[in-house]
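One structure is given here, and the rest of the page talks about it.
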Amino acid sequence: MPAGSLVIVGSGIQLGRHISARSISEIERADKVFCMTDAFTYRWIEGIRPDLQPLHIYYGDEKDRRQTYREMETAIVSAVKEGHKVCAVFYGHPGVFADVPHAAVRKLRAEGYSTRMEPGISAEDCLIADLGMDPGKQGCTSMEATQFLVYERQIDPTAMLILWQIGLTGDLSCTRFDTTTDKLQVLVDKLCRWYPVGHRVVIYEAPVLAIHQPRADRLSLKDLPRASLGQSSTLVIPPAETLTPDILVLRALGYTLADLD
């Protein structure tokens with residue numbers, strides 16, 4: 001097995017409170033540490049590793065984010081191939097809505113290098129806790145907003161729907177960090193295939209600092225295009241319909257409707 005290695009860790013969402021002891025240990029023990037987190041978390045990790053190498057430097061105005069991601073990936077992979085024990089820190093859960101960690105791990109594993117990913121607390125974990133919405137109650141569908149918009153997707157209105165990155169809705173250029181009222185209206189129009197325009201939805205944002213409160217703005221679906229949105233905004237759509245029992249399956253299992261109670 002080649003000498004270099006890679007471990008990917010997650011910083012969680014809240015500064016210093018969500019990162020695991022094992023992840024901190026990996027940061028401390030690594031030869032090289034790369035970091036792609038929010039500014040507060042970056043400074044906190046820099047206190048542990050003053051030689052921390054930033055990944056946000058690869059972003060640029062009007063620069064295609066796909067190019068940025070490949071440059072980040074190259075920086076991490078190159079350090080491993082130089083024989084270093086590398087730790088790369090990413091915001092939240094490092095494997096959720098994170099292109100670079102998965103790409104780096106795939107490339108290095110294919111070439112025989114030792115790689116591992118440590119889980120972290122994600123925005124979805126915070127959402128469930130902050131909003132009190134149990135995905136196990138009626139099920140949950142979770143996807144990126146633009147992906148939902150531009151592909152044929154089938155939605156189950158009896159389950160909770162989570163659409164991530166609604167603040168970037170409709171952007172296929174990968175150069176913008178915002179959206180427009182017109183694009184959000186297209187999103188609403190598509191959602192109205194399954195939901196009434198007056199259906200109550202939630203715009204959620206997880207708090208980064210312990211002194212902050214989560215954002216949980218409740219509004220009608222039709223009002224979404226005029227809502228104030230940021231890069232971390234998430235759209236949560238509660239179930240619009242109740243579950244319908246499958247009588248044939250219940251009979252095959254030897255149960256009746258009364259047993260569902």
With a cut-off of at least 2 residues that are crowded, with 16+ Cβ neighbours inside 10 Å and either in contact with a Ser or Thr (Cβ under 9 Å, 6 or more places away or on another chain) or of a type in the set (D, E, K, R) (or both), name the strands (runs of 3 or more DSSP E) lying wholly within the range 108-199.
160-164
Picked from the range 84-107 (must be surrounded by fewer than 18 Cβ atoms within 10 Å (Cβ to Cβ) and among the hydrophobic types (A, V, I, L, M, F, W, C)), the residue farthest from Thr37 (Cα to Cα) is Ala103
Meets criteria (crowded, with 16+ Cβ neighbours inside 10 Å, under 22 Å from Gly167 (Cα atoms) and of a type in the set (Lys, Arg)) for Arg49:
no
Residues in the range 192-206: is at least one within 30 Å of Tyr59 (Cβ to Cβ) and either outside the structural domain of Gly139 (by TED's automatic domain parsing) or not hydrophobic (A, V, I, L, M, F, W, C) (or both)?
yes
Kindly indicate whether Gly230 is closer than 30 Å to Cys87 by Cβ and part of a loop (DSSP other than H, G, I, E, B).
yes
For Ser25, indicate whether it is of a type in the set (Gly, Ala, Ser) and without any contact (Cβ under 8 Å) to a residue 60 or more places away in the chain.
yes
If you scan the range 12-46, which residues turn out to be within 18 Å of Val86 (Cα to Cα) and surrounded by fewer than 17 Cβ atoms within 10 Å (Cβ to Cβ)?
Ser20, Ala21, Arg22, Ile24, Ser25, Glu28, Arg29, Asp31, Glu46
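The values are calculated or read from the model by the stated rules, or taken from the named source; none is laboratory data. Just so it is clear, the structure is predicted and the values come from calculations on it, not from any experiment. Here the Cβ is made from the backbone with ideal geometry for all residues, glycine too, and neighbour counts use every protein chain on show.
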